[in-house]
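Participant: Once you've had a glance at the structure underneath, I'll fire off some questions.
The values are calculated or read from the model by the stated rules, or taken from the named source; none is laboratory data. Everything numeric here is computed off the predicted structure, so don't read it as measured data. Don't worry about glycine lacking a Cβ; one is built from the backbone with ideal geometry, like all the others, and counts go over all protein chains shown.
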Amino acid sequence: MKLHFKKLNIIVFVLLVSVCAFGQKDFQGKAYYFSKTTVDMSNFGRPGMSEDQKKQIAERMKSMLEKTFVLTFNQSESLYKEEEKLEAPGAGGSRFGMMMGSMTSGPQYKNIKDQLLLQEQELFGKQFLVKDSLPKFDWIMESETKQIGQYTCFKATATKTVDAESGFNFRRPPDDEKTDAPTTKDIQIVAWYTMQIPVNQGPSDYWGLPGLILEVSADKTIILCSKIVLNPEVKDVIKVPSKGKEITKIEYDEIVKKKTAEIRENFRSRGGPGGGRR
């Protein structure tokens with residue numbers, strides 16, 4: 001029992017020191033994340049498409065499904081931005097690549113104090129500034145822990161309601177498929193956060209835990225932190241996004257839904273990605 005209290009006192013002391021260190025006015029950190037989304041390739045293309053053709057499609061999609069991001073953060077603000085990289089030769093040369101390349105996410109800004117979420121989005125040549133309040137996550141704090149790099153992380157879970165048709169889905173529905181199918185679905189979110197960095201920030205729109213979120217699993221997407229730099233010598237300006245026509249997230253989601261339906265129908269009429277005339 002004495003050993004238990006001694007260990008607890010050490011943890012409390014470390015956390016107090018951390019809170020003091022991270023409470024500096026000029027504090028800033030940068031976290032690097034790798035994001036990967038898996039796709040069920042059986043949903044793709046025309047009936048009878050070969051495995052080689054599906055592999056070709058998967059390779060073209062890789063740059064869209066595997067991305068690296070940088071989260072620049074302080075105590076109240078963060079900017080989540082994709083790292084720029086050169087596209088592999090021929091990766092965007094197909095009709096499929098050009099279509100999906102027309103849906104580009106820009107920097108995402110979170111302000112904890114003002115409960116504000118801003119996201120720059122480009123959709124088929126049109127620039128939008130999506131403005132919303134921060135999403136509410138009813139986190140359940142778990143006792144399970146694990147080590148990510150040098151950081152001890154605690155587990156938290158939540159449930160999130162999303163559009164049932166969100167993501168990459170170009171499957172041709174059967175003729176007898178019901179038209180009254182659910183439009184939303186609930187997905188389970190598993191997050192791992194560290195109280196060694198006591199800021200309630202995280203990748204994408206995730207936030208609200210008593211420490212920086214280093215890993216998130218949600219539906220078919222995994223986001224994992226690979227590197228953290230605290231108080232870099234050269235600090236970045238956390239610039240509030242301002243490009244594009246300001247709309248709400250509900251309005252933007254409706255536009256995306258319509259455009260996605262158009263793309264899906266276009267793909268089906270041509271026999272799926274890579275099919276039809278070139």
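Participant: Restricting attention to the stretch 52-76, which residues are over 16 Å from I228 (Cβ atoms) and in contact with a Ser or Thr (Cβ under 8 Å, 6 or more places away or on another chain)?
Facilitator: The answer is R60, L65, E66, K67.
Participant: Only one of these is crowded, with 17+ Cβ neighbours inside 10 Å, of a type in the set (G, A, S) and either modelled with pLDDT of 55 or more or touching a helix residue (DSSP H, G or I) at 6+ places or on another chain (Cβ under 7 Å) (or both): S78, S50. Name it.
Facilitator: None of the others qualify; the one that does is S78.
Participant: Just wondering, is there one or more residues in the stretch 192-201 that are in a loop (DSSP other than H, G, I, E, B), over 21 Å from the mean Cα position of the chain (by Cα) and either modelled with pLDDT under 90 or of a type in the set (A, V, I, L, M, F, W, C) (or both)?
Facilitator: Within the stretch 192-201, one or more residues are in a loop (DSSP other than H, G, I, E, B), over 21 Å from the mean Cα position of the chain (by Cα) and either modelled with pLDDT under 90 or of a type in the set (A, V, I, L, M, F, W, C) (or both).
Participant: Does R268 fit the bill of being under 24 Å from the mean Cα position of the chain (by Cα) and at pLDDT below 90?
Facilitator: Working: under 24 Å from the mean Cα position of the chain (by Cα): no; at pLDDT below 90: yes.
It is false that R268 is under 24 Å from the mean Cα position of the chain (by Cα) and at pLDDT below 90.
Participant: Okay, next question. Determine if the stretch 212-228 includes at least one residue that is of a type in the set (V, I, T), modelled with pLDDT of 90 or more, surrounded by 17 or more Cβ atoms within 10 Å (Cβ to Cβ) and touching a Ser or Thr at 6+ places or on another chain (Cβ under 6 Å).
Facilitator: Within the stretch 212-228 (the criterion being of a type in the set (V, I, T), modelled with pLDDT of 90 or more, surrounded by 17 or more Cβ atoms within 10 Å (Cβ to Cβ) and touching a Ser or Thr at 6+ places or on another chain (Cβ under 6 Å)), the answer is yes, since at least one residue qualifies.
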